[in-house]
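For reference, the structure discussed in these notes is given below.
The values are calculated or read from the model by the stated rules, or taken from the named source; none is laboratory data. Since we're looking at a predicted model, the values are computed, not measured. Note that we place each Cβ from the backbone using ideal geometry, even for glycine, and neighbour counts take in every protein chain shown.
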Amino acid sequence: MKKVSLKDIAQKAGVSTALVSYVLNGKEKETRVGETIARKIREIARELNYQPNHLAKSLRSGRTHTIGLIIADISNPFFANIARVVEDEAKQNGYTVIIGSCDENADKSWDLLNVLINRQVDGFIIVSCEGSENQVHYLKERSLPFVLLDRHFPDIQTDFVATNNFKASYDAGIHLIRGGYERVGLIAYKSEMYHMVERIRGYRHALADHRIDFNPSWLKEVKFETMEQEVKVAIDEVLALDHRVEALIFATYGLAINGLKYINELRLKVPSDLAIVSFGQAEVFDLYYCPITYLRQPLEMLGKTSVEYLLKKLKNPEEGMKQILMEAKLIARDSSMTKSMWSS
């Protein structure tokens, strides 16, 4: 079947090929093409099922109209949903997104980055993983446009869109303390990544601001690769303390899911045996017998803003650096019910 060309449309419309090209590339206003003839050209293009040659177009413009999105862990609903938002927003602006998940592994992230560079994507949106600073420096040195999403490196000047993790974790701690829980534990990842460091700092500040002496045994840091086993050990340890914790904050959705599974195995009741607050939103938190209190990160705004910032950089490479922290909202549910409500 013969591929429809601009010439075919021009002949049917009785106009020049150049005029068809201007209209289909959205330049009719610049060339003062009348609305009637522009509409006619577009209708004929639809009738003939005209498919533009993106390869030829990208060779002429030096643009592929693709964005490379590297996320940390596709199995986490937060990242899966944010990928969808980025894809939808990019599509509305005429861009296609190529998505890769690095599974919190810097080597895999490096491989994905190289594949995307070879695919000649116009720019990148990246959820960084531990040990990937050199990749950020690499992109900067080569002046390749990128925006860091959800996680950033405070020592490297880059465009980023992230959640205010200190404030979110602080709010979780304050919420539990005001609900009558004084011995509050935190299970986090063992990581130097700034977002995790900030979540630990926020939790500790909440205790300090209420004159609660921090007990190092309340804070457990587990490795991502061996999370399932280490979460069980962490919960066993905080429950074995002389003054065991009354409440737990999970620093990520993955930690919470593994923790809640084990809490069920131990037949502990939430919140009377252990109150719970978690980062990350997911339908699972509604389905649990005791709906889980969580910190809702503004994933819609995070995704949309990251695309907006990247497209501005693509249009104007001299665009000033943009850095924004967005607020998470604590959604209080039964798992962190005020102590007096279930103990009375």
Restricting the first residue to region 322-344 and requiring it to be of a type in the set (D, E, K, R) and modelled with pLDDT of 95 or more, which pairs with a second residue that is surrounded by 14 or more Cβ atoms within 10 Å (Cβ to Cβ) and outside any strand (DSSP E or B) meet a Cβ separation below 8 Å and a spacing of at least six or different chains? 327/164; 327/167; 327/168; 327/298; 329/298
Residue pairs within 7 Å by beta carbon, gap of at least six or interchain, first lying in region 80-93 and among the charged types (D, E, K, R), second at pLDDT 95 or above, listed first then second, are 87/97; 89/303; 89/304; 89/307
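Residue by residue, here is whether (1) surrounded by 13 or more Cβ atoms within 10 Å (Cβ to Cβ); (2) in the same structural domain as residue 181 (by TED's automatic domain parsing); (3) out of contact with any Leu (no Cβ under 8 Å at 6 or more places or on another chain) holds:
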position: 209; (1), (2), (3): no, yes, yes
position: 212; (1), (2), (3): yes, yes, yes
position: 218; (1), (2), (3): yes, yes, no
position: 228; (1), (2), (3): yes, yes, yes
position: 256; (1), (2), (3): yes, yes, yes
position: 276; (1), (2), (3): yes, yes, no
position: 279; (1), (2), (3): yes, yes, no
In region 131-187, anything hydroxyl-bearing (Ser, Thr, Tyr) and closer than 27 Å to residue 219 by Cβ is listed as 132, 163, 169, 170, 181
Can you tell me which residue in region 195-224 is farthest from residue 273 (Cα to Cα), limited to those that are touching an Asp or Glu at 6+ places or on another chain (Cβ under 9 Å) and in contact (Cβ under 8 Å) with a residue 40 or more places away in the chain? 195
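Residue by residue, here is whether (1) among the polar types (S, T, N, Q); (2) over 23 Å from residue 268 (Cα atoms); (3) in a helix (DSSP H, G or I) holds:
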{"residue": "192", "(1), (2), (3)": "no, yes, no"}
{"residue": "195", "(1), (2), (3)": "no, yes, yes"}
{"residue": "203", "(1), (2), (3)": "no, yes, yes"}
{"residue": "208", "(1), (2), (3)": "no, yes, yes"}
{"residue": "214", "(1), (2), (3)": "no, yes, no"}
{"residue": "229", "(1), (2), (3)": "yes, no, yes"}
{"residue": "232", "(1), (2), (3)": "no, no, yes"}
{"residue": "235", "(1), (2), (3)": "no, no, yes"}
{"residue": "238", "(1), (2), (3)": "no, no, yes"}
